[in-house]
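A.B. asks: Dropping the structure in here first, questions after.
The values are calculated or read from the model by the stated rules, or taken from the named source; none is laboratory data. Note that the structure is a prediction, hence the values are computed from the model and not measured. Note that each Cβ is placed from the backbone with ideal geometry, even for glycine, and that neighbours are counted across all protein chains shown.
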Amino acid sequence: MKGIFSVLVENRDGVLSSISGLFARRGFNIDSLAVGETDNHEISSMTIISTGDQRTIDQIEKQLNKKVNVIRVRRLNESKSICLEMMLVKVAYNATNRSQLIELCQITGAKIMKVMPKHLLLEYHSDPEGVEDFIQMLKSYGISEIQRTGPIALEKN
């Protein structure tokens, strides 16, 4: 079972370490962790994705709520949330496949961020499965480098 947690925390030194330490001490797995400042400089938002059985997911929520610097914990329902991930990827190209790669970007909505002599730097965002699918489509061109943000999520309502 997958647990998606939206956690508001105080934007202070050591909070990320405290949260990740909780997971380490309890033996909980972090599949993905994305952190960013909110519109209020004093508060950060974390999207934490973890897997485990129902008891483990419930325990993670309880333990997060006990942390001093945690303001609010919400468990998001996967079907009632929008979950997106961003990726930057450097892909090799040559004269014969360049137009195919550009067409693939147009079809999928990927943005060409920089054109280099032998590589294109692409930006792509989608749900995590869409990102995986896009990576599979690019493999035949030759992926030189890849960076992913990890999923972030918000409830639809």
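A.B. asks: Sort out which residues of segment 46-74 are surrounded by 11 or more Cβ atoms within 10 Å (Cβ to Cβ), free of Cβ contacts under 8 Å to residues at least 60 places away in the same chain and not β-branched (Val, Ile, Thr), and write them in order of number.
C.D. replies: MET46, SER50, GLY52, ASP58, GLN59, GLU61, GLN63, LEU64, ASN65, LYS67
A.B. asks: Mind checking whether some residue in segment 48-68 is charged (D, E, K, R), at pLDDT 95 or above, within 21 Å of LYS156 (Cβ to Cβ) and out of contact with any Leu (no Cβ under 9 Å at 6 or more places or on another chain)?
C.D. replies: Taking every residue of segment 48-68 in turn, at least one turns out to be charged (D, E, K, R), at pLDDT 95 or above, within 21 Å of LYS156 (Cβ to Cβ) and out of contact with any Leu (no Cβ under 9 Å at 6 or more places or on another chain).
A.B. asks: Please verify whether segment 93-114 includes one or more residues that are surrounded by 14 or more Cβ atoms within 10 Å (Cβ to Cβ), within 15 Å of the chain's Cα centre (by Cα) and in a loop (DSSP other than H, G, I, E, B).
C.D. replies: No: segment 93-114 contains no residue that is surrounded by 14 or more Cβ atoms within 10 Å (Cβ to Cβ), within 15 Å of the chain's Cα centre (by Cα) and in a loop (DSSP other than H, G, I, E, B).
A.B. asks: Could you grab me the full set of residues in segment 57-92 that are under 22 Å from SER32 (Cβ atoms), assigned to a loop (DSSP other than H, G, I, E, B) and out of contact with any helix residue (DSSP H, G or I) (no Cβ under 6 Å at 6 or more places or on another chain)?
C.D. replies: Selection gives LYS67, ASN77.
A.B. asks: Report, ordered by the first and then the second residue, all pairs with beta carbons closer than 6 Å, sequence separation of six or more or different chains, a first member in segment 77-96 that is under 30 Å from MET1 (Cα atoms), and a second member that is modelled with pLDDT of 95 or more and polar (S, T, N, Q).
C.D. replies: LEU88/GLN147
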